[in-house]
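Structure, as structure tokens:
The values are calculated or read from the model by the stated rules, or taken from the named source; none is laboratory data. Values in this document were obtained by computation on a predicted structure and should not be read as measured data. As a convention, Cβ positions derive from the backbone with ideal geometry for all residues, glycine included, and neighbour counts pool all protein chains shown. Note: accessible area is taken over every heavy atom of the protein model, side chains too, but ligands, DNA and RNA are not part of it. Shrake-Rupley method; radii C 1.70, N 1.55, O 1.52, S 1.80 Å.
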Amino acid sequence: MIALLRSEWTKFRTVRGWIAGSIVAILLTAGVGLLGAAGSVRSCEGPQGDVCPEIPIGPGGQAVTDRFSFYHRALPADGSITARVTGVSGVITYPPPGHDRIVPGVVPWAKVGVMVKRDLTQGSAYTAVMVTGDHGTRVQDDFVNDLAAGRDPWVRLSRKGDVLTGATSPDGKSWRVVASTRMAGPAVVGLFAASPCDVTLSQGSLGGIVGACRLTNVTGRFENVSVEGATGSWTHDDIGGEPGAPSLSVGSARDWGTAVQLTGSGDVAPAGIEGGAVIERTLSGATIGLIAVIVVAVLFVTAEYRRGLIGSTLAATPGRTGVLPAKAAVVAAVTFAGGLVAAAVAVPVGLRLMRDRNNAVAPVGTLTEVRVIVGTAALLAVTAVLALAMGAIFRRSAAAVVATIVLVLLPQLLATASVIPAAAAEWLLRVTPAAGFAIQQSIPMYPQVEDYSVPALGYYPLPPWGGFAVSFLYAAAALGAAIVLLRRRDA
Amino acid sequence: MDATVAVNGLRKRFGTTPALDGMTFTVGPGTVTGFVGPNGAGKSTTMRIVVGLDRPDAGSALVGGVAYRTLRRPLTHVGALLDASALQPSRTGRHHLLWLAQSQGLGARRVDEVLDQVGLGPAARRRAGGYSLGMRQRLGIAAALLGDPPILLFDEPFNGLDPEGIVWIRGLLRSLADEGRAVLVSSHLMSELQDVAGHVVVAGRGRVVADRDVEDLIAAASDGRVGVRTAAREDAMEALARAGATVTVTGPDTLTVSGLPGAGTVAVLTAAGVPFAEVSAHRATLEEAYMELTRESVEFR
């Protein structure tokens with residue numbers, strides 16, 4: 001096998017066109033994204049000059065939405081808050097189908113409940129127990145963590161030492177502990193209300209997806225409100241509230257002692273597409289670079305058929321089984337190395353260019369960034385193997401190139417260019433080798449966020465490595481079929 | 001491994017066209033075996049089956065007693081030139097041999113040796129796409145020699161060679177056979193094998209028409225004929241015909257006489273007063289012997 005690998009590597013490196021094609025693939029993969037990054041400028045002209053609003057960052061490092069109505073007191077040390085949610089109502093502006101009226105109603109992820117938060121700055125740590133519009137009672141903390149907790153109306157948060165415990169109860173007597181988190185030091189405790197905008201997606205008449213996010217608010221009625229360990233007086237704040245915001249989004253609190261009515265808008269959750277540009281935007285060239293990768297990988301095998309050279313190859317390796325794996329290994333290694341260089345340049349340089357031009361970039365952890373870079377290189381390599389197998393199956397360059405593009409790039413293009421319905425797009429990204437592009441998605445889709453969760457906006461239906469596995473299996477199956485055919489057919 | 005090729009009862013169809021129809025022969029060591037026949041006789045298909053490129057529908061082909069497909073490092077057992085144009089044009093001749101060598105665990109030194117052996121040293125680092133047909137043949141021969149194999153198969157190696165090249169390859173084939181190797185050389189022109197082949201296998205329509213030592217073949221084809229060289233061709237023909245001989249004109253001043261021995265021919269010509277420069281026993285060329293053998297099996301298309 002070592003001899004075969006050396007032999008196939010010599011074959012690859014001694015044809016100038018293939019080396020040139022591989023370099024073109026690198027340049028396209030890195031260049032397209034960099035050009036895009038260099039060309040995207042954000043400007044936020046306003047009364048204070050060209051100042052773009054900061055996107056709050058949560059304790060986990062993600063961009064978050066932290067806008068809600070908060071009725072609170074100080075919590076220096078141990079303590080607790082208990083309340084019974086007796087009513088949830090709200091307003092939805094201009095909902096479907098007519099989008100022509102303001103109606104009463106509660107969106108599914110409207111939230112009212114109790115919260116302990118580090119402080120009043122956006123993005124600070126918190127734990128909350130809440131009743132939602134349509135998702136029952138839940139315990140959430142630090143924006144990304146979300147636990148379902150039945151449908152009980154009684155909610156309680158208590159802190160002892162640095163342990164925060166969230167509990168629910170059907171009657172205020174028997175309590176069920178749902179989750180524990182940690183928060184030490186001075187904090188703020190209180191009631192909160194938030195109602196995210198009403199997301200609607202529709203197919204544009206000229207293609208494309210039209211997304212709309214229409215203002216809503218929610219009013220929660222709390223009874224049996226009791227607080228222990230709190231100091232200071234009750235205060236109402238619209239966290240993240242902006243001057244001049246529409247009146248429906250302005251929160252308010254009415255207090256009758258143990259009963260409180262709290263109105264609010266906004267959300268306490270991971271940011272969706274409002275969280276800034278995603279890092280994979282710098283790798284948009286991968287789809288174009290992939291064309292060069294496919295052509296080189298196909299030619300690496302079909303050129304032998306066209307020239308009759310396959311006879312020499314098979315006479316030298318009459319067992320035949322090892323020939324295609326050796327070729328696949330060479331093409332995968334070359335493509336992976338090239339893809340890694342391209343992505344490792346495009347992502348950091350592209351992000352730098354975007355930030356220099358005032359663009360907000362959704363922050364991600366180092367591991368995610370590495371996964372996007374290495375995953376992109378791996379996806380290119382896997383697709384190269386698929387293309388090589390197609391070349392061996394079809395034995396003709398044009399047919400193999402077209403087949404691979406139809407399998408990989410066409411679904412990706414159809415799904416992300418939003419020319420087909422979202423459901424069809426998601427299906428394509430599950431069952432075709434285009435599923436592997438999920439490896440590039442840096443911001444996960446959170447179930448507790450009603451967002452434009454469609455492929456056209458960069459959300460893949462499969463998780464990153466799950467999608468990659470689909471592409472990998474396609475390549476493995478095609479290579480297996482090609483090996484069997486090579487053994488069976490006359491050269 | 002002993003230097004033999006044994007082809008036994010090979011049958012092969014491509015679609016509905018039969019290519020091989022019971023092809024059977026053996027190639028022994030120490031001699032050049034010519035494999036001759038018109039285009040379409042099945043020579044190339046037989047060779048492709050021997051090196052495992054095509055699978056026969058029936059029959060077997062063994063090299064040194066084993067199937068080619070079971071060989072490890074096969075190029076050290078069997079070297080084959082099947083299609084000299086099978087080259088990646090943008091790759092240099094040297095690199096073409098290098099990947100072949102590496103697939104057999106051989107090094108770059110062996111590549112340079114065979115390049116020198118076939119006289120391609122100076123052109124080795126040029127792109128093979130720019131090679132003449134003759135240079136491609138030399139490169140293909142170099143590839144066959146790469147593993148220093150005891151068995152060599154050459155399919156139409158004379159194609160595209162200039163006269164100098166033909167002289168060179170004849171010498172090479174002879175010396176390879178003299179080293180004890182089994183050498184099978186196919187050609188559709190018997191004349192190319194004159195003075196090289198010690199044995200010929202004549203193929204027609206997918207099977208063996210004749211399988212003989214060259215000496216026997218020529219002797220049989222020459223049987224009882226006499227060559228006459230004379231300036232008075234018309235007179236000679238008349239006299240010889242009157243004596244009952246069959247006369248064929250073979251040149252402006254040469255005739256071939258059959259049905260009359262050499263001495264009788266001299267007597268007839270002398271008696272008739274016809275001047276002649278030479279009367280000799282006629283030795284058929286390999287070409288003539290071949291034409292006689294394949295007269296029936298040539299397919300006209």
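So here's what we get for this one:
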quantity	calculated
Qualifying residues in segment A:233-259 (those that are open to solvent by 50 Å² or more (accessible area, probe 1.4 Å) and among the β-branched types (V, I, T)) - the one nearest to A:I102 (Cα to Cα)	A:V250
Count of residues meeting criterion [over 21 Å from B:A80 (Cβ atoms), in contact (Cβ under 8 Å) with a residue 60 or more places away in the chain and either touching a His at 6+ places or on another chain (Cβ under 7 Å) or among the small types (G, A, S) (or both)] in segment B:161-220	5
Any hit, segment A:273-280, residues being closer than 30 Å to A:A193 by Cα, in contact with a helix residue (DSSP H, G or I) (Cβ under 6 Å, 6 or more places away or on another chain) and open to solvent by 20 Å² or more (accessible area, probe 1.4 Å)	yes
Matching option when the condition is hydroxyl-bearing (S, T, Y) and in contact with a strand residue (DSSP E or B) (Cβ under 6 Å, 6 or more places away or on another chain), among B:T24, B:T70	B:T24
Strands (runs of 3 or more DSSP E) contained entirely in segment B:14-116, each with at least 3 residues that are within 10 Å of chain A (Cβ to nearest Cβ) and buried (at least 24 other Cβ atoms within 10 Å of the Cβ)	B:78-81
Top-ranked residue of segment A:323-347 - restricted to ones that are open to solvent by less than 20 Å² (accessible area, probe 1.4 Å) and within 26 Å of B:L71 (Cα to Cα), ranked as farthest from the other protein chains (Cβ to nearest Cβ)	A:A328
Qualifying positions in segment A:429-452 - touching a strand residue (DSSP E or B) at 6+ places or on another chain (Cβ under 9 Å) and of a type in the set (S, T, N, Q)	A:Q448
Tally, over segment A:9-24, of residues that are at the interface with chain B (Cβ under 10 Å from one of its Cβ atoms), within 12 Å of A:V331 (Cα to Cα) and open to solvent by 10 Å² or more (accessible area, probe 1.4 Å)	3
Given (1) assigned to a loop (DSSP other than H, G, I, E, B); (2) open to solvent by 30 Å² or more (accessible area, probe 1.4 Å), index of the condition B:V196 fails	(2)
Residues of segment B:165-183 satisfying the condition of being closer than 19 Å to B:G93 by Cβ and open to solvent by 40 Å² or more (accessible area, probe 1.4 Å)	B:W168
Verdict on A:S43 being part of a helix (DSSP H, G or I), away from every other protein chain (no Cβ under 14 Å) and over 30 Å from A:N145 (Cβ atoms)	no
Where B:F154 falls short, out of the listed (1) modelled with pLDDT of 95 or more; (2) among the aromatic types (F, W, Y); (3) more than 17 Å from A:S312 (Cβ to Cβ)	(3)
Test result for B:E278, touching a residue at least 60 places away in the same chain (Cβ under 8 Å) and either open to solvent by 50 Å² or more (accessible area, probe 1.4 Å) or in contact with a Gly (Cβ under 6 Å, 6 or more places away or on another chain) (or both)	no
All positions within segment A:294-312 that are at the interface with chain B (Cβ under 7 Å from one of its Cβ atoms) and touching a residue at least 24 places away in the same chain (Cβ under 8 Å)	A:A303, A:G311
Inter-residue pairs, beta-carbon under 8 Å, first in contact (Cβ under 8 Å) with a residue 60 or more places away in the chain and in segment A:162-173, second open to solvent by 60 Å² or more (accessible area, probe 1.4 Å), 6+ apart	A:G172/A:R84; A:G172/A:N224
Lone unmet requirement of (1) at pLDDT 95 or above; (2) open to solvent by less than 50 Å² (accessible area, probe 1.4 Å); (3) touching an Asp or Glu at 6+ places or on another chain (Cβ under 9 Å) for A:L120	(2)
Residue within segment B:158-176 that is more than 27 Å from B:G34 (Cβ to Cβ) and more than 14 Å from chain A (Cβ to nearest Cβ) present	no
Residue that is nearest to B:R127 (Cα to Cα), among those in segment A:35-69 that are touching a helix residue (DSSP H, G or I) at 6+ places or on another chain (Cβ under 7 Å) and surrounded by fewer than 22 Cβ atoms within 10 Å (Cβ to Cβ)	A:G36
Which numbered condition A:T86 fails, given (1) at pLDDT below 95; (2) within 30 Å of A:D152 (Cα to Cα); (3) surrounded by fewer than 20 Cβ atoms within 10 Å (Cβ to Cβ)	(1)
Subset of segment B:117-131 that is part of a loop (DSSP other than H, G, I, E, B) and within 21 Å of B:L173 (Cα to Cα) - its residue that is most open to solvent (accessible area, probe 1.4 Å)	B:G119
All positions within segment A:102-117 that are open to solvent by 20 Å² or more (accessible area, probe 1.4 Å) and either in contact with a helix residue (DSSP H, G or I) (Cβ under 6 Å, 6 or more places away or on another chain) or not in a loop (DSSP other than H, G, I, E, B) (or both)	A:I102, A:V103, A:P104
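A quick yes/no check of all residues on (1) among the hydrophobic types (A, V, I, L, M, F, W, C); (2) open to solvent by 20 Å² or more (accessible area, probe 1.4 Å); (3) within 17 Å of A:A332 (Cα to Cα):
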| residue | (1), (2), (3) |
| --- | --- |
| A:M390 | yes, yes, yes |
| A:A424 | yes, yes, no |
| A:Q441 | no, no, no |
| A:Y460 | no, yes, no |
| A:L486 | yes, no, no |
